[in-house]
Each structure stands twice: as structure tokens, then as C-alpha cells.
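Student: Sending over a structure as C-alpha cells; questions will come in a sec.
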Amino acid sequence: MLKLLGTAVLVVALTGCTTFSQMSRPKAQFHGPVPLATATPADDALVCLSKTPEVRNSGIVLAVHTITDQTNKFNSDEGGFVPRDVAAMLITALQKAGMAQVNRSNTVVTEWELARAREQILGDGAPQTVGNQTVDLRPITKGSIRGSDYVIDGAITQLDFNTYSGGGEVLVGGIGGGARAFALTAAADLRVTNTESTRIVRAGSYSKQAVGHEVYASVFRFFSSELFDTKIGDKSQEGLHAGVRWLMAEAAYDIVSSLVRHKGSCDKYLPQATQEIRAEAVAKTVSVGPAVVAPVPPPPPALAIK
């Protein structure tokens, strides 16, 4: 009897240790891995571009509009497979490449403040001087909003699951092992348009294949240490999103290189496989003769308004 009583007291004591008193100190928050600036294998080449005189002296101002999802593939529980705002990824990549940009994907706040400035009820916290006049509101100055020279838009046009699979397994008496691989492919079509003439000066398609290696029973590893079950396609979202970000970085490198007429000195910072594929493409072009490609015209000089 005493032994049972002692056990009951011990259980109550241990339970009391795990309860939270109303006046106790809060528990410290749990912090996982530290946040990092997201990077892709093409970032070194983009940073290299930002330091070239072609980019620094180009004077080109870009705008990114929208990059929509045209794959029509989604999960009823979690929505579309591809990121909703791919344009944001492209804007980030263009920023790393050192290109000047204007915001044309979200101007809600700008338009709201312009409307309040027209109503003369928007201020900046201090008097503003316009010419010889001092006012207590934000003035609307003619020509204060910078126009773009080129706008980039497009769509995610391809998303194919199981574009490649292979491997093998051996089972003896229900026990065994094996190795398999699984791949999916995403592609985007992007176009660059001269915003004054509406002429399309460049259009291209970019694709990214994500290959996963099986670590156990239909569970595959994509890109990092994350595990995804390929039986339900939506569980590969993280790997797919990382692939789309890399795809946008490669597209940004090509677009900027074309617009500023980059000579290729930054190509050496691209992944080795990318360099080899580009070299093969150049060799193939030389063997069949150069293609006739219209050069990208420089932006027209600004006209002075008298």
C-alpha cells in the first residue's frame, strides 16, 4: 500500500513539473536554422554582370509585369503547384544583375498616394519647396515618374511530372533494397517588349528539370535535405519552387546580357554544365551557319519638353 501511495505521489509531482503556472516566466522561443539570403547557382554570374561597364553605362530601365501560371495543374487542397508570384523572383534576379527597374507589378500604394496628392491632402511631414513657393503638402511634379524602356512578362507554360524515372530494386523474402530516380520539368516562356514601340525585341523559353533520388519507399530527395513523397505530386512543391527560382535567374542573365550586349566575360561564373550546353549551342549554330537575329536597339534618347 505504501509503495502504491509513493508511486502516486511521484506521478503527481512529475505532472506538476510539466504544468504552467499563471505567474511563471514564459518559455524561451525555439529558433531553428538562421535565415539566409536566397541564392541560386547563377547568382555569381548575375553579380558579375552588375559590375561590368556594359550594365553600369547602359542607362536601360526595366519593368517586370506578370508571369502567370498557364499549366492548369493544381491540387484541390493546396492550389497550384508553381509559385504564384514568379515575377518577384525575376525582379530579384534582375536586381542582382545591377539593372535599374521601375515597379509595374504592384502600383496600388503609388496610385493611392498620387490620388491623395491631387486632392492636396497628402503631406511629407515638412514643408516642400517648389520653385519659389513653399507648400505644406506633397506637390505633383511633372515627369517625376520614370518610364521604362523594356517590360518583361510571360508565363509558366509547362509542368510535366515523371519526365524521367529509372532504377531498380531487389526483394528476397520481402526484404531488400534498391535505388530509383524521379524527375519533373517546369518551363517558362518570357518576352521582352520595347514599351514605346511595343516591339518584341526578345523571346525565349527556359526549362528546369528537378531530379529526385529515392531515399526510402517512394520518398525522394529534391535539391536539399527535404523529403517529398512523389505519389502525391504536391509534396514536391518546395523543390519545384527552388527550380523555378533558378530558372528565372538564368533567364535574367540571358535577358540582361542581350540588352546590354555583354561580351560573355561573366559566363565563366555559370555552372560548368551550363557553360558546356551553351558552348554546344554555339558550335551547332556555327556548323549550320549563323542565324539572322535582329539586334536589340538601344532605348531612344529622351526628348526635352519645352
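Student: Using protein chains only and a probe of 1.4 angstrom, how many square angstrom of GLU196 are accessible, to the nearest 10?
Tutor: 130 Å²
Student: Continuing with the same structure: So for TYR150, TYR269, what's the accessible-area order with a 1.4 Å probe, most first? Spell out each step's value before the answer.
Tutor: Numbers: TYR150 0, TYR269 105 Å².
From most exposed to least exposed: TYR269, TYR150.
Student: How much length would be gained if the chain were fully extended between SER197 and GLN209, taking 0.36 nm per residue of separation minus their Cα-Cα distance, in nm to one decimal?
Tutor: Details: separation 12, 0.36 × 12 = 4.32 nm, distance 3.55 nm.
So the extension gain works out to 0.8 nm.
Student: Across all directions of projection, what mean area in square nanometres is found for the Cα convex hull of the range 33-141? Please list the in-between numbers first.
Tutor: On the way: hull surface 51.4 nm².
If I average the Cα hull's projected area over directions, I get 12.8 nm².
Student: Here is a further query. Let me check something: with ligands and nucleic acids excluded, how do CYS266, CYS48 order by accessible area (1.4 Å probe), largest to smallest? All intermediate terms of the calculation are to be shown ahead of the outcome.
Tutor: Working: CYS266 0, CYS48 25 Å².
Largest accessible area first, the residues go CYS48, CYS266.
Student: Taking 0.36 nm per residue of sequence separation and subtracting the Cα-Cα distance, how much length would be gained by fully extending the chain between SER287 and THR107, in nm to one decimal? Intermediate results must be reported in sequence, preceding the final value.
Tutor: On the way: separation 180, 0.36 × 180 = 64.80 nm, distance 4.78 nm.
Extra length available between SER287 and THR107 comes to 60.0 nm.
Student: Can you put HIS65, HIS31, HIS241, HIS262 in order of accessible area, largest first, using a 1.4 Å probe?
Tutor: HIS31, HIS65, HIS241, HIS262
Student: Taking 0.36 nm per residue of separation and subtracting the Cα-Cα distance, what length does fully extending THR68 through LEU122 add? Show your work: numbers first, answer last.
Tutor: Values: separation 54, 0.36 × 54 = 19.44 nm, distance 3.46 nm.
16.0 nm is the gain from fully extending THR68 to LEU122.
Student: Further question: For LYS284, tell me the accessible area in Å² from a 1.4 Å probe, rounded to the nearest 10.
Tutor: So the heavy atoms of LYS284 present about 140 Å² to solvent.
Student: With a sphere of radius 12 Å drawn around the Cβ of LEU270, what net charge do the other residues whose Cβ falls strictly inside it have (Lys, Arg +1; Asp, Glu -1)?
Tutor: -4
Student: OK, next. Give the accessible area for VAL34 in Å² (nearest 10); use a 1.4 Å probe, count only protein heavy atoms, and leave out ligands, DNA and RNA.
Tutor: It works out to around 110 Å².
Student: What does the charge count near ARG104 come to, summing +1 for each Lys or Arg and -1 for each Asp or Glu among other residues with Cβ under 13 Å from its Cβ?
Tutor: Numbers: positive: ARG146; negative: GLU111, ASP149, ASP153.
My count for the surroundings of ARG104 gives -2.
Student: Calculated FRET efficiency, VAL135 and ASP44, Cβ-Cβ r, R0 35 Å, to nearest 0.05? Provide the component values of the computation, followed by the final result.
Tutor: Working: r = 48 Å, r/R0 = 1.38.
Efficiency, rounded to the nearest 0.05: 0.10.
The values are calculated or read from the model by the stated rules, or taken from the named source; none is laboratory data. As the structure is a prediction and not an experimental result, all values here were calculated from the model. Note that each Cβ is placed from the backbone with ideal geometry, even for glycine, and that neighbours are counted across all protein chains shown. Heavy atoms of the whole protein, side chains included, go into the accessibility calculation; ligands, DNA and RNA do not. Shrake-Rupley method; radii C 1.70, N 1.55, O 1.52, S 1.80 Å.
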